[in-house]
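Inspection log for the structure reproduced underneath, given as structure tokens.
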Amino acid sequence: MSEALVAVGTAGTDTTVPAVSGARQFWRRLRAQRAALVAAVVVALLVLVALAAPLLTALEGQDPTTYHPDLIDSARGGVPIGSFGGASADHWLGVEPQTGRDMFARLVYGARVSLGVALGAMVVQVLLGVAMGVAAGLGNRWVDLVLSRITDIFVSMPLMIMALALLAVVPDGFPRPVLVALILALVAGWSTMAKMVRAQTLALKSLDYVSASRLSGWSSRRTAVRELLPGLAAPVITYAALLVPGNISAEAALSFLGVGVKPPTPSWGQMLTSADVWYEAAPQYLLLPALALFVTVFAMTVLGDGVRVALDPRAASRLRVGTGRKREARAETAVPVPATAPRSVPEKEEGA
């Protein structure tokens, strides 16, 4: 984004100073929130691990689908041989009970599935929600009524029941991660986004510059692209950031129920499906995917809240006003100590 030049007149002379760009203001507000910065680093590391999953597993010398029957104790029901679930130099986090598949390889490839499904569903949710919300807000009374009722129907749909029904009737040959992402996008998320965008569009439509563009003969499409979408960017980005952790949790729940991602494709929710049987004999089989899910969802939620505050000037001003009031209150309650005692003035003697 190029910086605008603002002319400021001071003492009869005009000086030109660069205005701070919107991206720079956003970054400055985000940096002021330490929790959001830590969450952003965690999310960046998770994305990096997901992208580099083939490289990391090649560095370990393992893959997520190869069975290692020699590393499990069949006499004990398939418990991994050795301490910490069979962790060693060849298997950094141990192996999976009954199958002997490498846990580290399955975790990093599971990150690809979980993040890929969540981000893919979020993109479809944003596109569909923005399109429906802007169309309802800019359309006439009947268009608004029809689109709003369709949105209300999808808002009232129970996600898990609809997802279970749709996943049960789709053929097994369809790529399962793509199917889960589409179902999450079409059943949940976009309808709430559409209602939020519609409300924002109705508020922006009453502003002077939007009314002027419509009165000048611009089409609804041109008005939406040139005038409304820039004003909708902040709330849409904020809501999109908060959609990702919900999508991750929903994908894990579907995989846990056995209707999500199918084996041998690794998934954190799928790993938790049979982990409750092994939590005493091999606790890492339960703790590792559960910890990965918790850290990912928590970091995404904190980052989404930080993005909301950074994109909302009113929230930033409230923070500044609150800080200033606290500083003033502390200054008022503090009792100043004089450096030197005040000099007394002698009284005038009588008759002087």
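All of the numbers you see were taken from the coordinates with simple rules; none came from a lab. A quick note: this is a predicted structure, and the numbers were derived from the prediction, not measured. Every residue, glycine among them, receives a Cβ derived from its backbone with ideal geometry; neighbour counts consider all protein chains shown.
I need the helices (runs of 4 or more DSSP H) fully contained in the stretch 205-266, keeping only those with at least 3 residues that are under 30 Å from Arg106 (Cα atoms) and of a type in the set (S, T, N, Q).
Passing ranges, in order: 229-256.
Of the conditions (1) in contact with a strand residue (DSSP E or B) (Cβ under 6 Å, 6 or more places away or on another chain); (2) among the charged types (D, E, K, R); (3) within 15 Å of Tyr109 (Cβ to Cβ), Asp73 satisfies every one except a single condition; which number is it?
(3)
Just checking, does the stretch 170-177 include any residue being among the basic types (Lys, Arg) and closer than 18 Å to Leu257 by Cβ?
Yes, the stretch 170-177 contains at least one residue that is among the basic types (Lys, Arg) and closer than 18 Å to Leu257 by Cβ.
Let's see how each residue does on (1) surrounded by fewer than 17 Cβ atoms within 10 Å (Cβ to Cβ); (2) touching a helix residue (DSSP H, G or I) at 6+ places or on another chain (Cβ under 8 Å); (3) more than 18 Å from Pro175 (Cβ to Cβ):
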| site | (1), (2), (3) |
| --- | --- |
| Leu232 | no, yes, yes |
| Ala240 | no, yes, yes |
| Leu243 | no, yes, yes |
| Gly260 | no, yes, no |
| Pro263 | yes, yes, no |
| Pro266 | no, yes, no |
| Met271 | no, yes, yes |
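Within the stretch 89-120, can you find the residues that are touching a strand residue (DSSP E or B) at 6+ places or on another chain (Cβ under 9 Å) and polar (S, T, N, Q)?
Once the filter is applied, which keeps residues that are touching a strand residue (DSSP E or B) at 6+ places or on another chain (Cβ under 9 Å) and polar (S, T, N, Q), the stretch 89-120 yields Gln98, Thr99.
May I ask you to list the residues in the stretch 47-70 that are free of Cβ contacts under 8 Å to residues at least 12 places away in the same chain and over 19 Å from Tyr109 (Cβ atoms)?
Passing the criteria: none in range.
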